[in-house]
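The values are calculated or read from the model by the stated rules, or taken from the named source; none is laboratory data. Keep in mind that what you see is a predicted model, and the values were worked out from it rather than measured. Using ideal geometry, Cβ is built from the backbone for each residue, glycine included, and neighbour counts are taken over all protein chains shown.
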């Protein structure tokens, strides 16, 4: 399989020391060993090994094989629909549609690939702070692909991607879909309708890859290198999932996750009706202000019962790493996936190449900074409840605190802890589903996707009144930011408008685009700061055409949201889909839910509805009307006016019938003719390229400038500094910039002698590990010199022994040629 992947990987260099992504046929399939042993026994019973005996043995084997084939043919003819057909059921269309899915058998596949873009000199995406520029790597970023298909109708399938990025994106999605077309006719089953591109909402990844101008501004435009890393990695993850597709089962469960999220806009949440809020107020620890439920889908292959992956949904912002962090990472969702996949490697029920996806849910008003928002001005006071300001009336000192906020580490310890708090209940639920599975079954695999223009869209609300959405615009409180990442200047949440801020912002607003009276009335009560939906020069600033998408497998329905949905907005959207999907299920023939053939029980499975996003594009926020009226950050960032949520629900329900078992496929996008722009080749870029790299006088690339000490205790940080080069020269996708190697010494062997043998050094950490940090800094722009610092934050559980640190770099010469090099530190002992 490695050979078949190579054309897609480009400059990706698979690393032999990383866990290989292997086909499922390489593990767990019968090998024929008993027959092999039996043949050897027969040969051993012939003292002289006469050829006649061997021919007799061959004849008997051939006869046995013929009889087996004859029996299979008779069985196939006499027992229609028998389990014999299910060896490769996707090759044999069924006489009765959906029969395999009724038994809970689906096509399942998972894949994972590296999408880490440039880790230095590129602005990070999320906080919109131009000063937050990458200086290194804490954790590699990945695309995780999950494919579910109909065994009997393999063209009915969907792909759910979980990217370690701030969101999905229009340009990224176009790139993925075009790349799938280039892979050939085998991949023609993937289209707009069945590919969802979601982001974990990490605020610690490189920016510059988004389709529209507004989010490109702080990154100095479009970065093609980072864009290609995401697109190519996503394609590789899909290809790995596609090539391992096989019959399997899905199990679904829900658990509570405590201590991993709070509501950062509680003042806005409390504007929702009291009786509605009371429905979700379960206890003091689960008061309903955020969702504590995590839903998990377990993927299990049928061939040997091994689990191949999990996909979860739980809402908490990817803002554990603060706005002063400059190391690339997947934030708390990346940590949770890392811990789960690491544990799965030790689990005998998990297959090799196990993939864990931690998708976002109704994330809009959630925060991982669970100790609340405090004024970092020495006052010791909490921020103002309504406006998130401090004593000076400004928002800049108001910051959310994570579990270990006192640590001077830009939020790293808190990030790991919030990731752990998601991983542990997810693992417990996974083990529970292994013991007592709750199968996904009883229905087809369906999907739909549509583009919809929100500008001037009129529709009826459930109460019969008419509503209308607007061209996109952002309010004054958008510029105030949140307690996870405060804005600049004198903007505040809730009270921000042109009368409470400097007159200069009114001038700036009018210079960009003076919103018309009709536009202001449409967005009321939002005071419009940036009328971005009506600015199209030099290209669109923000989307007006949005994605409407949903998937179904059995009783599971997945809403794919292009925006950050707040807690109550997500509940309303899911409830509307749950009610409509229950009616959809009720209209379908009852399907047997019992696995025991002697049990004739039939029942309708209750629909399980989840919401994932931000996906496919980035349309900022989606609030309830009541929250919108409060005009805190989330309401001011709801692009299409007070009826934004109602419009999304309206469009979703209008297409939901396409998820029915007997429904025709949805119309092609070419037939409808509405597409958002693809600005990939139109986007501006002011990002400076790498000119050249040079070592200091008298030094070579990879030389050690500061080596580790001879001895460390576990829990201490080990540091090594090397003569470096710009890591933008080679992203080292599927590889690493740094590693820790441990010396393997045989009993009675001299340690110094063993250390001189390269094969005795075994890699035990690389830059995919949270504890190994890669940092880079330019020491001279003119001379092109730079240094790399690699830090191993040794774990308390690390094995004692002799170690060394290795650096992998690539230097660019004056002629533009790039050459790789390595550097190795002196050995050190960990006790």
Looking only at residues that are under 35 Å from the mean Cα position of the chain (by Cα) and either assigned to a loop (DSSP other than H, G, I, E, B) or at pLDDT below 95 (or both) in the range 810-831, which one is farthest from residue 755 (Cα to Cα)? 816
Going through the range 671-709 in order, the residues found to be under 30 Å from residue 551 (Cβ atoms) and over 29 Å from the mean Cα position of the chain (by Cα) are 671, 672, 673
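Considering only the range 480-587, give the helices (runs of 4 or more DSSP H) lying wholly within it that have at least 3 residues that are under 30 Å from residue 105 (Cα atoms) and either free of Cβ contacts under 8 Å to residues at least 24 places away in the same chain or in contact with a helix residue (DSSP H, G or I) (Cβ under 6 Å, 6 or more places away or on another chain) (or both). Let's see the steps before the verdict.
Values: elements: 503-512, 517-523, 567-586.
Fully inside the range 480-587 and qualifying: 567-586.
Quick grid of which residues meet (1) modelled with pLDDT under 95; (2) touching a helix residue (DSSP H, G or I) at 6+ places or on another chain (Cβ under 8 Å); (3) assigned by TED's automatic domain parsing to the domain that holds residue 771; (4) within 30 Å of residue 496 (Cβ to Cβ):
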residue: 351; (1), (2), (3), (4): no, yes, no, no
residue: 357; (1), (2), (3), (4): no, yes, no, no
residue: 365; (1), (2), (3), (4): no, yes, no, yes
residue: 372; (1), (2), (3), (4): no, no, no, yes
residue: 404; (1), (2), (3), (4): no, yes, no, no
residue: 424; (1), (2), (3), (4): no, no, no, no
I'm trying to understand the selection: among the residues of the range 557-583, which are closer than 22 Å to residue 158 by Cα and surrounded by fewer than 21 Cβ atoms within 10 Å (Cβ to Cβ)? 578, 580, 582
One residue from 596, 616 being more than 30 Å from residue 267 (Cβ to Cβ) and modelled with pLDDT under 95: 596
Failed condition for residue 256, given (1) over 30 Å from residue 677 (Cβ atoms); (2) within 24 Å of the chain's Cα centre (by Cα); (3) surrounded by 18 or more Cβ atoms within 10 Å (Cβ to Cβ): (3)
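Could you please find all residues in the range 181-201 being over 26 Å from residue 105 (Cα atoms), surrounded by fewer than 24 Cβ atoms within 10 Å (Cβ to Cβ) and touching a residue at least 12 places away in the same chain (Cβ under 8 Å)? Let's see the steps before the verdict.
Initially, the range 181-201 is screened for residues over 26 Å from residue 105 (Cα atoms), giving 181-184, 199-201.
Within this subset, residues satisfying the condition of being surrounded by fewer than 24 Cβ atoms within 10 Å (Cβ to Cβ) are 181-184.
Within the range 181-201, 183 is the sole residue that qualifies.
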Write out, first by first residue and then by second, each pair whose Cβ atoms fall under 8 Å of each other, whose residues are 6+ apart or on separate chains, and whose first residue, in the range 758-781, is outside the structural domain of residue 119 (by TED's automatic domain parsing) and over 23 Å from residue 715 (Cβ atoms) while the second is modelled with pLDDT of 95 or more and surrounded by fewer than 16 Cβ atoms within 10 Å (Cβ to Cβ). 779/696
Evaluation of residue 513 against (1) buried (at least 19 other Cβ atoms within 10 Å of the Cβ); (2) closer than 25 Å to residue 682 by Cβ; (3) under 34 Å from the mean Cα position of the chain (by Cα) (one fails), failing number: (3)
Scope the range 418-448; condition assigned to a helix (DSSP H, G or I) and either free of Cβ contacts under 8 Å to residues at least 60 places away in the same chain or within 30 Å of residue 191 (Cβ to Cβ) (or both); matching residues: 424, 431, 435
Among the residues of the range 260-286, the number that are surrounded by 15 or more Cβ atoms within 10 Å (Cβ to Cβ) and over 30 Å from residue 352 (Cα atoms) is 15
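Out of curiosity, is residue 241 in a loop (DSSP other than H, G, I, E, B), in contact (Cβ under 8 Å) with a residue 40 or more places away in the chain, buried (at least 24 other Cβ atoms within 10 Å of the Cβ) and at negative phi? Give the steps one after another, and end with the answer.
Values: in a loop (DSSP other than H, G, I, E, B): no; in contact (Cβ under 8 Å) with a residue 40 or more places away in the chain: yes; buried (at least 24 other Cβ atoms within 10 Å of the Cβ): yes; at negative phi: yes.
Judged against the criteria, residue 241 is not a match.
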Just the residues that are touching a strand residue (DSSP E or B) at 6+ places or on another chain (Cβ under 7 Å) and closer than 17 Å to residue 133 by Cβ, please, taken from the range 774-786. 774, 775, 776, 777, 778, 779, 786
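Which of the residues belonging to the range 335-352 are surrounded by 24 or more Cβ atoms within 10 Å (Cβ to Cβ) and over 19 Å from residue 240 (Cβ atoms)?
Filtering the range 335-352 down to residues surrounded by 24 or more Cβ atoms within 10 Å (Cβ to Cβ) leaves 335-337, 340, 351.
Of everything in the range 335-352, those that are surrounded by 24 or more Cβ atoms within 10 Å (Cβ to Cβ) and over 19 Å from residue 240 (Cβ atoms) turn out to be 335, 336.
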Restricting attention to the range 460-474, the residues that are closer than 21 Å to residue 505 by Cβ and in contact with a strand residue (DSSP E or B) (Cβ under 6 Å, 6 or more places away or on another chain) number exactly 2
Matching residues in the range 128-157 (within 30 Å of residue 739 (Cα to Cα) and either in contact (Cβ under 8 Å) with a residue 60 or more places away in the chain or part of a strand (DSSP E or B) (or both)) number 15
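Report whether or not residue 259 is in a loop (DSSP other than H, G, I, E, B), modelled with pLDDT under 95 and in contact with a strand residue (DSSP E or B) (Cβ under 9 Å, 6 or more places away or on another chain). Lay out the reasoning, then the answer.
Numbers: in a loop (DSSP other than H, G, I, E, B): yes; modelled with pLDDT under 95: no; in contact with a strand residue (DSSP E or B) (Cβ under 9 Å, 6 or more places away or on another chain): yes.
The answer is no for residue 259.
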Restricting attention to the range 162-180, which residues are closer than 19 Å to residue 114 by Cα, out of contact with any helix residue (DSSP H, G or I) (no Cβ under 6 Å at 6 or more places or on another chain) and surrounded by 21 or more Cβ atoms within 10 Å (Cβ to Cβ)? 162, 163, 165, 166, 167, 168, 169, 171, 173
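Looking at 180, 161, 250 in this structure, which one is outside any loop (DSSP other than H, G, I, E, B) and within 16 Å of the chain's Cα centre (by Cα)? Step through it out loud before you land on a result.
Working: 180 fails: within 16 Å of the chain's Cα centre (by Cα); 250 fails: within 16 Å of the chain's Cα centre (by Cα).
So the residue among 180, 161, 250 that is outside any loop (DSSP other than H, G, I, E, B) and within 16 Å of the chain's Cα centre (by Cα) is 161.
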